[in-house]
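Since every read-out is calculated from the coordinates, none of them should be taken as a lab result. What you are looking at is a predicted structure, and each value in this text was computed from that prediction instead of being measured. Virtual Cβ from ideal backbone geometry, glycine too; neighbours counted across all protein chains shown.
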Amino acid sequence: MKTRNKILTGLVLAVAVAVGSFFAVRNLMPAATVDAETAPVVASEPKTLVVGTMWEALPLSIQPRRSRFFNESEILDTLVKLDYDLNPVPGLALSWDRVSPTVWHFNLRDGVTFHDGSAFDADAAKYALERVIALLPYAADLLNISKITVIDAKTLEIETTEPFAALPNQLSDAITVMYGKASFDADGQFVSPVGTGPWKFVEYIAQDRTIVERFDGYWGDKPVLDRIEYRYIPDHNSRTLALEAGEVDFVDNLLPSDVARLSADEKFNVYSKPIAGLYYGAINAGDKSVLNDVRLRRAVNALIDRNTVVAGALDGIGEPAWQFFAPQFDWAPKVTPHAFDVEAASALLTDAGYEKIDGTWQKDGAPLTLRILSYSSRTEMPAITEVMATLLKQQGIATDVQMYTWEGMLDFVKRGEYDISVVFWTPEMTGHPDLHLKSQFHSKAGLNQQFWVNAEFDQLVDTGRTLDAGAERDATYGRALEILQQDAPIIPLVHKVYVAASAKDVAGFRVHPSGFFYDFKNVSR
């Protein structure tokens, strides 16, 4: 019979201690006591929106954050877009047809121009995709394109290296934005973003701000606002303080500790919605880690109560993750979820040769100790990591937690010098299972830095990407996801809930489930 431990007072206190150092406590005057003289000043003119961001927008490089700023700010468009249910819908391509297992035709919009006045057509789309594939190896792996042919001005033919049913979904990824030729110099190197989106790039001040302005030649509905300033404010407390002081109009990636306070303050709007995003522990399944034993990987999964992670690290702002894909996305097959089960974990550890002595799991006189790495630049990461480690320690597994920059953590991960790295990914962001199953967990994937190899999983993922939506695809991916659950190279922890806030006079903002699309063209003040 399974045993589910209650969250006792000692556990709650331990979790509180673990995360306390990551959340600043600030004394604020009640809203009712703020008079006209002390009220925040207006951050900007009514036609300008000032946005405080956690990440620096880097518009003069094609590579940072997989170029996502160009898409999330809508400087550049993609051929295919995702609606608010993550369904593929027309972007710069009005429609698409799979004319053979490996050949697609994309029918392009007429009358679209780039910010420099040049025309968007099939030649321009071919050039943009070929430039991206040439400059970014990740794009080549993502798209599997063998040949691009211009049929006529409004018809683009794409031939893939293998049957690839996921291509339209992948063409919604920000890596595939349509760059105008003016974006590149005479040598074909990227210099500045020139796109077809509703906003055009104006100015970049390093470590400070990036400015875009409305493009009146945009092919769709024109933005209401004239100008958006993205201000780089990496400190999480400082971003919220900037909103409260009236220095910015909108902030994202709020600390959980700030959400309740801002929600209760009538001067602000708070936006909250589950999105495509997962915090998870990537497990080193290679020879350098004790977790190369699947029994230990399963045991670790069973010893972490995700409800406690959400409550203790995020003040309840998140969804407990017992599987890789969030269950609200209908296109992802359902799997048998993990469960918090101390008895099952104890049996697995015992079977692997460990015994619990004085509350600590040991083998041959040495305690089971896991080296856990993460990075501090993302708001919630330190707290999630510490709560996870605390829960393992409470169950008798020692931990060595080390926080780095993202790049610093990756240095150790690539060398296999870790047991668990706590990371964040957006696995559902293209509305298809292929992207992250192939790029993160396939044994030949460049991003498989967990040294996990499962031949059946590889074969299923390779097959799934060739199949159209339907029962066969669901069964194929369903089996692949069950293997991911049972072989346990990851610890799903929290499905992300996106939280942002704005001044009260900001209207029209909606949280997009991709988590990487502001849609400020529909915002007014």
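For the reader, a short list of remarks on this structure follows.
- The mean sequence separation of alpha-carbon pairs under 8 Å and at least six residues apart, normalised by the residue count of the range 275-497, gives a relative contact order of 37 percent.
- Here the range 110-147 and the range 452-479 have alpha carbon centers that stand 29 Å from each other.
- Potential lengthening between Asp265 and Ala366 on full extension [0.36 nm per residue; Cα-Cα distance subtracted]: 31.1 nm
- The range 76-183: relative contact order in percent, alpha carbon pairs under 8 Å with at least 6 residues between: 34 percent
- Ordering 493-504, 131-142, 434-445, 71-82 by mean Cβ neighbour count within 10 Å, with the highest value first, yields 71-82, 493-504, 434-445, 131-142.
- Value at 222 nm in deg cm²/dmol, rounded to 500, when DSSP H runs of n ≥ 4 in the chain each add -39,500 (n - 2.57): -7500 deg cm²/dmol
- Packing-based order for 383-390, 260-267, using average beta carbon neighbours within 10 Å, highest first: 383-390, 260-267
- Flagged links, alpha-carbon separation over 20 Å, of Lys154/Lys222; Lys47/Lys504; Lys81/Lys154; Lys288/Lys356; Lys126/Lys181: Lys154/Lys222; Lys288/Lys356
- Counting only DSSP beta bridges whose two residues both lie in the chain, roughly 80 percent are antiparallel.
- Antiparallel bridge percentage (DSSP; both residues within the range 275-497; nearest 5): 65 percent
- Under 5 Å between amide hydrogens, built in the peptide plane, is the criterion, and for Gly52 it picks out Arg231, Asp249, Phe250, Val251, Asp252 among residues at least 5 positions away or on other chains.
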